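Written below as structure tokens is the structure these notes are about.
Nothing in this text is a laboratory measurement; each read-out follows from the coordinates by a stated rule. Owing to the predicted nature of the structure, the values given are computational and were not obtained by experimental measurement.
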Amino acid sequence: MTFVRGLGAVLAASGLLVSGVSRGEPLGAPVAAQGVRKTDVTIDSAGGQHVFHAELARTAAEQERGLMFRTNIPQDGGMLFAPYPADGPPREARFWMKNTPTALDILFIRGDGTIARIAENAVPYSEETLVSGEPVAAVLEVNAGVSARLGIKAGDKVRWAKQ
């Protein structure tokens, strides 16, 4: 998934789920796996507790690359953009799917750890801008349909080890 910053400055930030590196699965794209930091992300929803093993995109470069070109994303994987943005205080997030072949759910997370909005089933390769609608401190990308299947909704609590 790609995020868009500023007045039309576009940064490729296809940050998505755990790429399978921890399980020895192929990444499926020209993305370096060496030095990938991961964290467990837990979402508490009405349907229970859900844990995702997410790659951590902390720097501007990691957030620009995100999950672009990835085709093999585990169902319990994802990418966490935290802090978002990497270069400043929380602000409205803008993402798009350019160069991202895998459909995603994009969870926009407030500073208090609650989900502000979920952009469900983001269309692969789309240049439509998906907006958080308010300042957010983090963004989690997971496979499309996971939010609906697990009953994850806006307002649910998200937590992870701050690194």
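Worth a mention:
- Kirkwood-type radius of the stretch 64-114, with distances r between different C-alpha atoms, in Å: 12.5
- Once the gyration tensor of the Cα atoms in the stretch 28-153 is diagonalised, the equivalent ellipsoid follows with semi-axes of 19, 17, 15 Å, ordered largest first.
- Per-residue 3J(HN,Hα) values for the stretch 44-54, derived from phi via the Karplus relation 6.51 cos²θ - 1.76 cosθ + 1.60 with θ = phi - 60°, read 9, 10, 4, x, x, 9, 10, 10, 10, 9, 9 Hz in sequence order (x marks Gly and Pro).
- Within the straight-line cut-off of under 28 Å between alpha carbons, the lysines reachable from K162 are K38, K153, sequence neighbours fewer than 8 places apart in one chain being disregarded.
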